[in-house]
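Computed from the coordinates by the stated procedures, all read-outs in this text should not be read as laboratory data. The shown structure was predicted, so the numbers you read here are calculated from the model rather than taken from an experiment. Note that we place each Cβ from the backbone using ideal geometry, even for glycine, and neighbour counts take in every protein chain shown.
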Amino acid sequence: MTTTLDRQAAYSGTKEVSPTLRFDVARLEAYLAGKVPGFAGPLRVKQFRGGQSNPTYLLETPARRYVLRRKPPGKLLPSAHAVDREYRAIAALHAQGFPVAEPVVYCAEEAVVGTAFYVMGYADGRVFWEPHMPQSNPAERRSVYDAMNATLARSTAGRSSTAPRKPRRSRRWTS
């Protein structure tokens, strides 16, 4: 008998933070209070269930919700789990009006949560874990895919197909 995983049910929502991914919430709260305008605790932290390679947390205060993404703990390849690059990409897209979460702060100081991390605003909505969107209907799927295609087209507008592009280096895989 074969069982299929209901990815939507398995990966949606939050849970208590896994013991191996816990950090000092008071230290994070103090850091954010000093760096983020209007931030005020108390701070509650939950971990998102989804299968991200970078641990992802829901941060809740009485006034606002945020999302924290960080490198996983442990020894990593130097350029692996580049949350700094992820933060810069989100910040650049947000500045151009693309539909991404608001970038709030990037922190390279490992003393705060154990690894580099960034915080972005929380965006209400649904996450579709299956590309065929089984809990949806044809009109909604069409609308979602039309919006996705329009965003992708806008993101490449103005790029010349003859412009040189730097390939990502594969040095980390060959050293």
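Label-to-label distance, A95 versus T151, with points set 7 angstrom from Cα along the beta-carbon direction: 2.0 nm.
Gain in length, A33 to R65, computed as 0.36 nm per residue apart minus the alpha-carbon separation, to one decimal in nm? Walk me through the numbers on the way to the answer.
Details: separation 32, 0.36 × 32 = 11.52 nm, distance 1.40 nm.
Contour length minus Cα-Cα distance gives 10.1 nm.
Label sites at Q135 and L5, each approximated as a point 7 angstrom past Cα along Cα to Cβ, lie 1.7 nm apart.
The mean of 1/r over all distinct Cα pairs in the stretch 12-121, once inverted, gives the Kirkwood hydrodynamic radius of 14.3 Å. Report the paramagnetic label zone for Y122: residues of the stretch 40-60 whose backbone N is under 15 Å from a point 7 Å from Cα along the Cα-to-Cβ axis. Within reach of a label on Y122: 40-50, 56-60. Using the Cβ atoms and a cut-off under 11 Å, what net charge is assigned to the surroundings of P73, where Lys and Arg are +1 and Asp and Glu are -1? Net of charged neighbours comes to +3. Annotation for R85 and A108: the two label points, set 7 Å from Cα along the Cα-Cβ direction, are 1.6 nm apart. Under a Cβ-Cβ cut-off of 15 Å, what is the net charge of the residues other than P99 that fall near it, where Lys and Arg count +1 and Asp and Glu count -1? My count for the surroundings of P99 gives -1. The phi-based Karplus calculation (6.51 cos²θ - 1.76 cosθ + 1.60; θ = phi - 60°) puts the 3J(HN,Hα) values of the stretch 138-149 at x, 5, 5, 4, 4, 5, 5, 5, 5, 5, 4, 5 Hz, whole numbers, x for Gly and Pro.
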